[in-house]
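Worksheet for the structure shown next.
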Amino acid sequence: MIPLLILGLLKEKPESYGYELLAYMEANYFQYFVRFTKGSFYYNLQQLEEKSLLERINVSSEVIEKEKNRYVITEKGEQEFDRLFLKYGHKNDVITFSFYTPMLFAEEITSENMIDLLEVQIEQTKEKIRLIEDSLKNPGNLRKPFIQMMENSKRHHQVNLQWFQEQLSEYQ
């Protein structure tokens with residue numbers, strides 16, 4: 001998914017530095033939907049360049065900059081963006097929520113352990129909701145579809161929170 005993000009951002013922001021793209025992704029909460037690190041970002045940037053999906057443009061400047069290379073998407077990169085857009089857009093993967101796996105064996109542990117587990121989930125879910133609410137208070141330059149995704153994610157977390165609380169009441 002990271003290649004799709006990089007290619008899409010270069011379509012929108014041609015001649016960007018790598019660090020500009022990464023900073024934009026972080027500032028606009030892309031990590032809420034795609035897991036990435038600085039290392040994985042730069043690895044994917046390098047792979048896209050090696051595959052000729054983007055190219056480096058050397059910039060000569062009297063000002064010393066963090067990076068001297070700006071990137072642009074190539075024609076081949078445009079085609080790959082379209083392919084990835086459709087590939088990921090057509091997917092409707094199952095929700096992989098690691099909490100579900102231990103829940104399969106909830107009858108095999110003590111009530112105290114289950115209560116502890118649910119209380120942790122409740123606190124973590126409340127924190128996720130708080131972070132989303134904070135980001136939506138000042139949407140700034142957030143894209144409209146992203147705001148809608150954040151609102152939808154918040155609703156999912158609220159449903160999970162209610163379910164966790166119902167489960168907790170059964171164990172108390």
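The values are calculated or read from the model by the stated rules, or taken from the named source; none is laboratory data. Everything numeric in this text was worked out from a predicted model, so none of it was measured. Glycine also receives a Cβ, built like all others from the backbone with ideal geometry; neighbour counts cover every protein chain displayed. Please note that ligands, DNA and RNA were not included when accessible areas were found on the heavy atoms of the full protein model with its side chains. Shrake-Rupley method; radii C 1.70, N 1.55, O 1.52, S 1.80 Å.
Being closer than 30 Å to Q167 by Cα and either modelled with pLDDT of 85 or more or among the charged types (D, E, K, R) (or both) holds for only one residue in R56, R35, and it is R35. Among the residues of the range 148-170, the one identified as surrounded by 13 or more Cβ atoms within 10 Å (Cβ to Cβ), free of Cβ contacts under 8 Å to residues at least 12 places away in the same chain and more than 22 Å from S135 (Cβ to Cβ) is W163. Pairs are defined by a Cβ separation below 7 Å, a sequence spacing of at least 6 or placement on different chains, a first member in the range 7-21 that is among the charged types (D, E, K, R), and a second member that is open to solvent by 10 Å² or more (accessible area, probe 1.4 Å) and part of a helix (DSSP H, G or I); the pairs so defined are K11/F81. Hey, can you tell me all the residues within the range 33-59 that are assigned to a helix (DSSP H, G or I) and open to solvent by less than 80 Å² (accessible area, probe 1.4 Å)? Across the range 33-59, the qualifying residues are G39, S40, F41, Y42, N44, L45, Q47, L48, E49.
Does L10 count as under 30 Å from D134 (Cα atoms), part of a helix (DSSP H, G or I) and at pLDDT below 95? It is false that L10 is under 30 Å from D134 (Cα atoms), part of a helix (DSSP H, G or I) and at pLDDT below 95.
The set of residues in the range 105-140 being part of a loop (DSSP other than H, G, I, E, B) and modelled with pLDDT of 90 or more consists of T110 alone. Criterion first (under 26 Å from L9 (Cβ atoms), surrounded by 13 or more Cβ atoms within 10 Å (Cβ to Cβ) and modelled with pLDDT of 90 or more) does F30 satisfy it? Here the answer is no, as F30 does not meet what is asked.
Do we find that E65 is more than 30 Å from T125 (Cα to Cα), open to solvent by less than 70 Å² (accessible area, probe 1.4 Å) and modelled with pLDDT of 95 or more in this structure?
no
Here the range 69-90 is the region considered, the condition is being of a type in the set (D, E, K, R) and open to solvent by less than 100 Å² (accessible area, probe 1.4 Å), and the residue that is farthest from G18 (Cα to Cα) is K87.
Considering the range 104-138, the residues that are in contact with a Leu (Cβ under 9 Å, 6 or more places away or on another chain) and over 21 Å from M149 (Cβ atoms) include one that is surrounded by the most Cβ atoms within 10 Å (Cβ to Cβ), namely L118.
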